[in-house]
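> Okay, handing you the structure first.
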Amino acid sequence: MTPRTTAFIFDYFPLMITFDVTAIRVRYYDTDQMGIVYYGNYARFYEIGRVETLRNLGLSYKAIEDSGISMPVYDLNSRFIRPAKYDDLLTIRVTIPQMPKTRIMFDYEIFNQANQLLNTGQTTLVFVRTETGRPCAAPAELVDVAKPFFEQ
């Protein structure tokens, strides 16, 4: 099943970008012997969320990489609240809480089909020129797309 994204811009938090990536089915290979999602797979769920969020904004990782900018993960934090289980249908709520500069931060909330909060997390990625390996500013296309969300 292909992930779906739904845009949410909350009136009480006007200076951020938030999207829900839905229809992420927990597969058998995501779980341990007890049928619970193995903790290391949450980083993959986060990646699915941020890739689909950028795509919903009209951008793609591939296009950014093709322009000579890489986005390695600098920091990853995860908090496990309830277990995700085999065959759960997950929603990944992704928020970009700050205007991207030389880094971009993503906050995550993962819910099951009963809308129970299972996990929260955060990643910070750094913009790096692929050719030199040196940090650089966020791509202009990303800044242009994000700017309206962060202006009052």
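> Look at ASP11 and say whether it is under 24 Å from GLU151 (Cβ atoms), part of a strand (DSSP E or B), at pLDDT below 95 and of a type in the set (Asp, Glu).
no
> Can you give me the number of residues within region 110-144 that are assigned to a strand (DSSP E or B) and in contact with a Cys (Cβ under 7 Å, 6 or more places away or on another chain)?
Within region 110-144, residues that are assigned to a strand (DSSP E or B) and in contact with a Cys (Cβ under 7 Å, 6 or more places away or on another chain) number 2.
> Residue by residue through region 53-85, note down the ones that are in contact with a Ser or Thr (Cβ under 6 Å, 6 or more places away or on another chain), modelled with pLDDT of 95 or more and buried (at least 16 other Cβ atoms within 10 Å of the Cβ).
Within region 53-85, just SER70 meets the criteria.
> Within region 45-66, identify whether any single residue is in contact with a helix residue (DSSP H, G or I) (Cβ under 6 Å, 6 or more places away or on another chain) and among the polar types (S, T, N, Q), and answer yes or no.
The answer is no, given that none of the residues of region 45-66 is in contact with a helix residue (DSSP H, G or I) (Cβ under 6 Å, 6 or more places away or on another chain) and among the polar types (S, T, N, Q).
> Tally the residues that are surrounded by fewer than 20 Cβ atoms within 10 Å (Cβ to Cβ), out of contact with any helix residue (DSSP H, G or I) (no Cβ under 7 Å at 6 or more places or on another chain) and either β-branched (Val, Ile, Thr) or closer than 15 Å to ILE17 by Cβ (or both), restricting the search to region 86-102.
Result for region 86-102: 4.
> Of the numbered conditions (1) part of a loop (DSSP other than H, G, I, E, B); (2) in contact with a strand residue (DSSP E or B) (Cβ under 7 Å, 6 or more places away or on another chain), ARG93 satisfies every one except a single condition; which is it?
(1)
> Need pairs with beta-carbon distance below 7 Å; first residue farther than 17 Å from GLU131 by Cβ and within region 54-68, second assigned to a helix (DSSP H, G or I) and not aliphatic (A, V, I, L, M); sequence gap 6+ or separate chains.
From region 54-68, the pairs are LEU54/TYR61; LEU59/GLU141.
> Please determine whether any residue of region 25-46 is part of a helix (DSSP H, G or I), aliphatic (A, V, I, L, M), free of Cβ contacts under 8 Å to residues at least 12 places away in the same chain and closer than 16 Å to GLN122 by Cα.
no
> OK, next. For region 117-152, what are the residues that are of a type in the set (Val, Ile, Thr), within 23 Å of ILE92 (Cα to Cα) and in contact with a Lys or Arg (Cβ under 8 Å, 6 or more places away or on another chain)?
Scanning region 117-152 gives THR120, THR123, THR124, VAL126.
> How about region 119-152: which of its residues are more than 20 Å from THR18 (Cα to Cα), free of Cβ contacts under 8 Å to residues at least 40 places away in the same chain and in contact with a Phe, Trp or Tyr (Cβ under 9 Å, 6 or more places away or on another chain)?
PRO135, ALA137
> Related question: Counting only residues that are over 25 Å from PRO139 (Cα atoms) and surrounded by 14 or more Cβ atoms within 10 Å (Cβ to Cβ), how many does region 103-115 have?
Looking only at that region, the number is 4.
The values are calculated or read from the model by the stated rules, or taken from the named source; none is laboratory data. Because the structure is predicted, anything quoted here is derived from the model rather than measured. Don't worry about glycine lacking a Cβ; one is built from the backbone with ideal geometry, like all the others, and counts go over all protein chains shown.
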